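The values are calculated or read from the model by the stated rules, or taken from the named source; none is laboratory data. Small disclaimer: the values here were computed from a predicted structure and weren't measured. Neighbour counts run over all protein chains shown; Cβ positions are idealised from the backbone, glycine included. Note: areas computed on protein heavy atoms with side chains; ligands, DNA, RNA excluded. Shrake-Rupley method; radii C 1.70, N 1.55, O 1.52, S 1.80 Å.
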Amino acid sequence: MTVRVGIIGCGGIANGKHMPALSHVEEVEMVAFCDLVVERAVEAKSVFGTEDAQVFSDYQEMLAQADLDVVHVCTPNASHAELSIAALEADCHVMCEKPMAKTTEEAKAMIEAANRTGKKLTIGYQNRFRKDSRYLHEVCSEGQLGNIYFGKAHAIRRRAVPTWGVFLDEEAQGGGPLIDIGTHALDLTLWMMNNYKPKFVVGKAYHELSQTKNAANAWGSWDPEKFSVEDSAFGFVVMENGATIFLEASWALNSLDVKEAKTTLIGSKAGADMNNGLTINGEDHSLLYEKNIELETGGVDFYEGTGETPEILEAQSWIQAIINDTEPVVKPEEAMVVTEILEAIYKSSNTGEPVYLG
């Protein structure tokens, strides 16, 4: 079976993740490319497209004219909902890059469109496909940690502010590091805990370093006048069952405790963290133990594509879900809860009050 894929947005995330990963999936043909800067679409076709692939600068024209089974939405956050809904209504399955949307209302509309059209919708949380994530998820699913009542979602960079594209534009993105990298850490934590029922959220976003001139930064100093999003944000989430989650996210922070897209879990039987590799800790016969997991010796390849990168595994798993008519690994209802919590942190920061959900 051949799956015909169209790409909307041929910028950084499409070139860095989606198109290279899809090129490793033998059932896929990339047959349409769309970007407001048409030269980007032309370049994408030359590298990843079929010989007769079509190029567009208008996504509506692409959806109307191209013969597609799947669309990958790889645009700034503000357009995720609009483009995903349009593709679903054009009878295409949709992979939308994270975060699902800027708001919960938009995310709900995306799910409603998927249900209405009967097409599949998933969100690009590729960190679920890392070896440590897959192993730890199996451990949690088997109940080895017991009742997981506390989790920490880590997304901390010391100085790594993305200075290209629209990352610093609040209108286009909906926020800064919280919605950009915090979203991955929160998704991992919720997935491990298998808990998607938040009760209330308290949070605070900061603009403490964003106005620094000539700042040290991995990708060169940022322009303070264009830095309209937070430089760090922190949230505390209480779930309906009493479990709690602490979320930390920053592009620029005076801290050496740097870790991104990682989780720490505390359960009634054992705990786990991704601080230095993957470690499980607990008590056995009245003695404490720490177990360091060797991830390079095989045995945790739960998806097709043994030995591949998380991005390729994500693409393979997604296309197989379409071919075999099964659920994608990342369900849109799960991704919507991530958006709901992130939105609540921003709202709590603006109001100074807890935000009650559900």
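Of all residues in the range 44-72, those that are open to solvent by less than 90 Å² (accessible area, probe 1.4 Å), without any contact (Cβ under 8 Å) to a residue 12 or more places away in the chain and not in a helix (DSSP H, G or I) total 0. Note on the range 221-235: residues that are more than 15 Å from ALA160 (Cα to Cα) and among the charged types (D, E, K, R) amount to 2.
When ALA78 is tested against (1) closer than 26 Å to VAL238 by Cα; (2) open to solvent by 30 Å² or more (accessible area, probe 1.4 Å); (3) part of a helix (DSSP H, G or I); (4) in contact with a helix residue (DSSP H, G or I) (Cβ under 6 Å, 6 or more places away or on another chain), exactly one condition is not met: (1). Taking every residue in the range 191-219 that is more than 14 Å from PHE246 (Cβ to Cβ) and pairing it with any residue that is open to solvent by 30 Å² or more (accessible area, probe 1.4 Å) and of a type in the set (Val, Ile, Thr), at least 6 positions away or on another chain, the pairs with Cβ-Cβ distances below 8 Å are ASN217/THR163; TRP219/THR163.
Within the range 84-99, the set of residues being aliphatic (A, V, I, L, M) and open to solvent by less than 10 Å² (accessible area, probe 1.4 Å) comprises ALA87, LEU88, VAL94, MET95. The number of residues in the range 270-298 that are free of Cβ contacts under 8 Å to residues at least 60 places away in the same chain, in a loop (DSSP other than H, G, I, E, B) and within 27 Å of the chain's Cα centre (by Cα) comes to 4.
Those helices (runs of 4 or more DSSP H) of the range 102-212 in which at least 2 residues are open to solvent by less than 20 Å² (accessible area, probe 1.4 Å) and either among the basic types (Lys, Arg) or closer than 30 Å to GLY267 by Cβ (or both), considering only elements entirely within it, cover 104-117, 131-141, 183-193. Only one of the numbered conditions (1) farther than 26 Å from LEU188 by Cβ; (2) in contact (Cβ under 8 Å) with a residue 60 or more places away in the chain; (3) open to solvent by less than 20 Å² (accessible area, probe 1.4 Å) is not met by ALA32, and that is (2). The residue that is most open to solvent (accessible area, probe 1.4 Å), among those in the range 313-358 that are over 16 Å from PRO177 (Cα atoms) and among the aromatic types (Phe, Trp, Tyr), is TYR356.
The set of residues in the range 299-327 that are over 14 Å from the mean Cα position of the chain (by Cα), of a type outside the set (Asp, Glu) and either closer than 15 Å to VAL70 by Cα or at pLDDT 95 or above (or both) comprises ILE312, LEU313, GLN316, SER317, TRP318, ILE319, GLN320, ALA321, ILE322, ILE323, ASN324, THR326.
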